[in-house]
Amino acid sequence: PTNSLNAGDDGQPKCMMGEMSNALTKKRRHLSLSQNTASLSVPDQTPMERFNKSHLSVTQLCDQSWCEIKVIYGFLQPHIKRREMRQSAVVTGSTIHLARELEANPDAVTLVGLSREDREALKLMKLTQLVQALKAGQLVREFPVFGVLEGVFFQGVVDELYQSESGELVLKELKTRCQNSLPRPVQSKGHFLQVGVYKLLFDSMVQSSMTRDNLLHHLKLRPHQAFGSELQIYAQKLGLMVATFGELVDLFLTILTFCNLQAINKLQLEYIHQGSGSLVGTTEVEFNEAQLKAELRGYLAFWRGEREPQGVDVENIEEAWKCSMCPYEESCDWRARVLKEIDGNKKTRLDGE
Ligand code: SF4
């Protein structure tokens, strides 16, 4: 993406077409997207409805902050997304995550062949243990967080929570890097969003904002469903006197209410080099609730179908490189259309000179 860009005096990328022509191009692009992106946006159906989402994961939100068009392609062509996941650094990153989880919790259990209720119940059972460990001052890893933000139910898993020597509750998220350097702002944008949303969810959980109905309704789970035999044995092993998902939810909410856990005081990102496993650096993330919630509303406007999806700004040199790493680059309608418009504008300009 170099032909329409050069660097300004301040060293920042600068578009040769000028601001007015830029605004006009963006307006035209918006209109052409509305008319032509049949597969990217569907009239009368929000992305939540179209992709059958009753709730969102925090990871989905972070993917969205990278490129909304890529999120849509991920739903439309999931096999390509799966292949990318397999081939990408995520695999290595997952191994490092798992090793850390087992280090903190060597008795971590994995049960297979569970019903949906049982899977969610296993998560809640583990969570009751993690809440108590955190309360006892232990470092905990893979801590599930969930709740309603701006009217949408979110789920996520926090990498690490611990109390600092000064008594602050610290949330740390582990990120793996191919390069032995800290990420650029455009790369860390999603990481900042992720830890901020985790804090919103964790704080609302420990401040008892969650209700039984909320949980059951958003996850669409049957409260009277009895646990499978394996899970019953596991519940007994943990000393939990519950037999159905509804009973477990009640118990979990009671534990949460009486544990008096504090809200998170500090947000940290720890970057690890994939090749060597050594620490690249740690970044402290500032938390601004009002700003984060405004950002969140902007992202949710896409899921609610209140605005068009936004792809990468391919005229911006700080953003355009994202497409070169994208498995949908060759077939991406957004990118093709924008590049065509840029070429068309360039031709018009040259014709006029
Ligand atoms: Fe987004 Fe670029 Fe991929 Fe298209 S090619 S989906 S604009 S990252």
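The values are calculated or read from the model by the stated rules, or taken from the named source; none is laboratory data. Source: prediction; values computed, not measured. No Cβ is skipped: glycine too gets one built from the backbone with ideal geometry, and neighbour counts run over all protein chains shown. Note: accessible area is taken over every heavy atom of the protein model, side chains too, but ligands, DNA and RNA are not part of it. Shrake-Rupley method; radii C 1.70, N 1.55, O 1.52, S 1.80 Å.
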Margin query: Sort Lys189, Lys293 by heavy-atom solvent-accessible area, probe 1.4 angstrom, most to least.
Written below: Lys189, Lys293
Item checked: Rounded to the nearest 10 Å², the accessible area of Tyr299 at probe 1.4 Å -> 20
Check: Which ³J(HN,Hα) values in Hz, rounded to whole numbers, follow from the phi angles of the range 229-238 under the Karplus curve 6.51 cos²θ - 1.76 cosθ + 1.60, where θ = phi - 60° and Gly and Pro get x?
Finding: 4, 4, 6, 4, 4, 5, 4, 5, 4, 7
Check: Using +1 on the beta carbon of Lys and Arg, -1 on that of Asp and Glu, and nothing else charged, what's the dipole of the range 90-300 about the Cα centre, debye to 20?
Finding: 360
Check: If you take the beta carbon distance between Leu114 and Thr244 as r and set R0 to 25 Å, what does 1/(1 + (r/R0)^6) give as a FRET efficiency, to the nearest 0.05?
Finding: 0.95
Check: Rounded to the nearest whole Å², what accessible area per residue is found for the range 222-353 with the 1.4 Å probe?
Finding: 54
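Mean 1/r over all different Cα pairs, inverted: what Kirkwood radius does the range 90-300 give, in Å? Working shown, then result.
On the way: mean 1/r = 0.0544 Å⁻¹.
Roughly 18.4 Å, rounded to one decimal.
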